[in-house]
Amino acid sequence: MADTMTPATTTTGADRHPDTGLELQSVLSGEMDEISRKWAVTGEPEHQPRRDYPPYRSTLLRHPTKDPQQVDPEGVELWAPAFGQRDVDPLESDLTIQRGGEPLGERMVVTGRVLDGEGRPVRHQLVEIWQANAGGRYVHQRDQHPAPLDPNFTGMGRTLTDADGVYRFTTIKPGPYPWRNHHTAWRPAHIHFSVFGTEFTQRLVTQMYFPGDPLFALDPIYQSIVDPAARERLVATYDHDLTTHEWATGYRWDIVLTGSHRTPTEDDTEGDL
Ligand SMILES: [Fe+2]
């Protein structure tokens, strides 16, 4: 959602919109195109978002600059949160029944498997999601843009994968929403996913997108994964066999934790909600 940090840039007044003072999409798109062109020279596979991706302005001064450090797992377990299978109610995977009435928007199911790099199911894993409502609005104090809140939709859910590594959520298709990375910056519609792992230090966070979104080429967060093959692993597949008559559309999306087909993930330092 909207990031309130002032973008750190070197552009001139001519590159900014006179009303908002924010840089123009054309400036950002030019930078993103240039980075893509440089990457294409070698075409070296990149499986993760770039931490240092200048068009994602609001993360310029806060992205990690040091290499990751190994953490003593026993030490972490002394204070990390723990959960058990009984802590997660099956109803928490249905985001359309959390309040007194039906949320507005396109009801949808998203399901898939959590897999390791060898294609083996990752069983009984806590999968959490959070998302905007159909109008593109989050229930969050930092999201104040003029789109309606839905009293029947919190945008949060969780579930455990089953013995085959399968998760399944029923929810509402989120809308795209504006943020202040630059003038007319709009995020493609997406659902945030977290896979908890067995320790707090193993938690992975990523975003799932919807096929054919016209905002993909314009979005510095999506484009911070410069390898198109890796980016596309964040896009769900529409599955008409999963779609149900007069009830919900269906999407499939697998999460692969390791290996060359690994799902790109992000750090907790990212500016998007
Ligand atoms: Fe978001």
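Extension gain, Thr154 to Glu44: 0.36 nm times the residue separation minus the Cα-Cα distance gives 35.6 nm.
By the helix-only formula, in which each DSSP H run with n ≥ 4 contributes -39500 (n - 2.57) and the sum is divided by residues, the chain has a 222 nm mean residue ellipticity of -3000 deg cm²/dmol. Farthest toward the positive end of the dipole of the chain, out of His140, His245, Thr171, is the Cα of His140, where the dipole comes from beta carbon charges about the Cα centre.
Can you give the longest stretch of the chain with no exposed loop site, where a site means chymotrypsin sites (Phe, Trp or Tyr not before Pro) in a DSSP loop (not H, G, I, E or B) with at most 13 other C-beta atoms within 10 Å?
Looking at the chain, 84-246 is the longest stretch - no exposed chymotrypsin sites (Phe, Trp or Tyr not before Pro) with at most 13 other Cβ atoms within 10 Å.
Given +1 on the Cβ of Lys and Arg, -1 on the Cβ of Asp and Glu, and no further charges, what dipole in debye does the range 164-273 carry about its Cα centre, rounded to the nearest 20?
Numbers: 9 positive and 15 negative charges, 30 e Å.
The calculated dipole for the range 164-273 is roughly 140 debye.
Each of Asn181, Gln48, Ser93 was scored by the projection of its Cα onto the charge dipole of the chain, and the greatest displacement toward the positive side belongs to Asn181; charges sit on the C-beta of Lys, Arg, Asp and Glu. Relative to one another, the C-alpha centroids of the range 199-270 and the range 138-180 are positioned 15 Å apart.
Mind checking which of Gln48, Gln98, Gln202 has the largest fluctuation in a GNM of the chain, springs on alpha carbons under 10 Å? Among Gln48, Gln98, Gln202, the largest mean-square fluctuation in the Gaussian network model of the chain belongs to Gln202. The slack between Gln141 and Arg120, meaning 0.36 nm per residue of separation minus the straight C-alpha distance, is 3.6 nm.
What's the angle, to the nearest 10 degrees (0 to 90), between helix 25-42's Cα axis and the longest principal axis of the chain? Relative to the chain, helix 25-42 is tipped by roughly 80 degrees. Given R0 = 41 Å, the distance between the Cβ atoms of Arg37 and Thr237 translates into a calculated FRET efficiency of 0.90.
When the dipole is taken about the Cα centre of the chain, and only Lys, Arg (+1) and Asp, Glu (-1) are charged at their Cβ, what size is it in debye, to the nearest 20?
Working: 26 positive and 41 negative charges, 69 e Å.
So the magnitude is around 340 debye.
Starting from the Cα of Thr184, step 7 Å toward the Cβ, then list every residue of the range 209-229 with an amide N under 15 Å from that point. Label zone hits: 214-220. Measuring r between the beta carbons of Arg252 and Thr201 and using R0 = 30 Å, the FRET efficiency lands at 0.55. Out of the range 23-129, which trypsin sites (Lys or Arg not before Pro) are coil in DSSP terms and have no more than 14 other C-beta atoms within 10 Å? Filter output for the range 23-129: Arg62, Lys66, Arg99, Arg123.
Read-outs: derived from the displayed coordinates by stated rules, not from any lab. Quantities reported herein were computed from a predicted structural model and do not represent experimental measurements. Cβ: placed from backbone, ideal geometry, glycine included. Neighbour counts: every protein chain shown.
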